[in-house]
């Protein structure tokens, strides 16, 4: 279903959910949960947004049934650790590539996806200061390196 | 129609909030 423009802010989290459907269903579930909660705050009034959010909720409930016995889904503290570990793993991969001077689409995507997953961590509560800094740095780095490569410059 | 539309909208919003709360409570 097409994403209504009012919900544009969650489109990348939903794409990350789709990309992880098979690879890591727990990541996919929490990306959708974050998108659902954020979408409800963005706009649950206009009919097309409400329709979209109802579909997303249907998806979440069926994922919940499929994954219900997974501790990462049934216990928030386990889910929190799962998402945080995954986000930091992506961040470290990208950071290592950056420090080694290896700039490519994959590492840009890893920086950006790690920042999205740090957004998702907020479903479990306030982000730590460290994760807020990580998210800011990862988003800035992804944008900076992307622009450098687009302009044919070497990132510093 | 305006008021009916509004009450349908808010009923659906409430239902979504309840489903979300239920989903999270079961975690």
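Name the single residue that is modelled with the highest pLDDT among those in the range B:8-22 being within 8 Å of the chain's Cα centre (by Cα), more than 22 Å from residue A:30 (Cα to Cα) and more than 7 Å from chain A (Cβ to nearest Cβ).
If we take residues in the range B:8-22 being within 8 Å of the chain's Cα centre (by Cα), more than 22 Å from residue A:30 (Cα to Cα) and more than 7 Å from chain A (Cβ to nearest Cβ), then B:11 is modelled with the highest pLDDT.
Quick one: in the range A:35-56, of everything that is facing chain B (nearest Cβ under 7 Å) and surrounded by 20 or more Cβ atoms within 10 Å (Cβ to Cβ), which residue is farthest from residue A:120 (Cα to Cα)?
A:50
With respect to residue A:28, determine if the residue is away from chain B (no Cβ under 11 Å) and either surrounded by fewer than 22 Cβ atoms within 10 Å (Cβ to Cβ) or touching a helix residue (DSSP H, G or I) at 6+ places or on another chain (Cβ under 6 Å) (or both). Full working, then the answer.
Working: away from chain B (no Cβ under 11 Å): yes; either surrounded by fewer than 22 Cβ atoms within 10 Å (Cβ to Cβ) or touching a helix residue (DSSP H, G or I) at 6+ places or on another chain (Cβ under 6 Å) (or both): yes.
Criteria met by residue A:28.
Being in contact with a helix residue (DSSP H, G or I) (Cβ under 7 Å, 6 or more places away or on another chain), surrounded by 12 or more Cβ atoms within 10 Å (Cβ to Cβ) and under 19 Å from residue B:23 (Cβ atoms) narrows it down to one of A:116, A:127, A:67, so name that one. Before the answer, list the steps.
Numbers: A:116 fails: under 19 Å from residue B:23 (Cβ atoms); A:127 fails: under 19 Å from residue B:23 (Cβ atoms).
The match here is A:67.
Kindly indicate whether any position in the range A:77-89 is farther than 19 Å from residue A:25 by Cβ, away from chain B (no Cβ under 14 Å) and surrounded by 21 or more Cβ atoms within 10 Å (Cβ to Cβ).
Initial filter on the range A:77-89 (farther than 19 Å from residue A:25 by Cβ): A:88.
Now narrow it down to the ones that are away from chain B (no Cβ under 14 Å): A:88.
Keeping just the survivors that are surrounded by 21 or more Cβ atoms within 10 Å (Cβ to Cβ) gives none.
Looking through the range A:77-89, none of the residues is farther than 19 Å from residue A:25 by Cβ, away from chain B (no Cβ under 14 Å) and surrounded by 21 or more Cβ atoms within 10 Å (Cβ to Cβ).
So if I check each of A:50, A:32, A:102, which one is part of a helix (DSSP H, G or I) and either farther than 20 Å from residue B:23 by Cβ or under 13 Å from the mean Cα position of the chain (by Cα) (or both)?
On the way: A:50 fails: either farther than 20 Å from residue B:23 by Cβ or under 13 Å from the mean Cα position of the chain (by Cα) (or both); A:102 fails: part of a helix (DSSP H, G or I).
Being part of a helix (DSSP H, G or I) and either farther than 20 Å from residue B:23 by Cβ or under 13 Å from the mean Cα position of the chain (by Cα) (or both) holds for just one of A:50, A:32, A:102, which is A:32.
Going by what's in this entry, would residue A:69 be described as away from chain B (no Cβ under 11 Å) and touching a residue at least 60 places away in the same chain (Cβ under 8 Å)? Give the derivation first.
Numbers: away from chain B (no Cβ under 11 Å): yes; touching a residue at least 60 places away in the same chain (Cβ under 8 Å): no.
It is false that residue A:69 is away from chain B (no Cβ under 11 Å) and touching a residue at least 60 places away in the same chain (Cβ under 8 Å).
The values are calculated or read from the model by the stated rules, or taken from the named source; none is laboratory data. Fair warning: this is a prediction, and the values are worked out from it, not measured in the lab. FYI the Cβ positions are ideal-geometry reconstructions off the backbone, even for glycines, and counts take in every protein chain you see.
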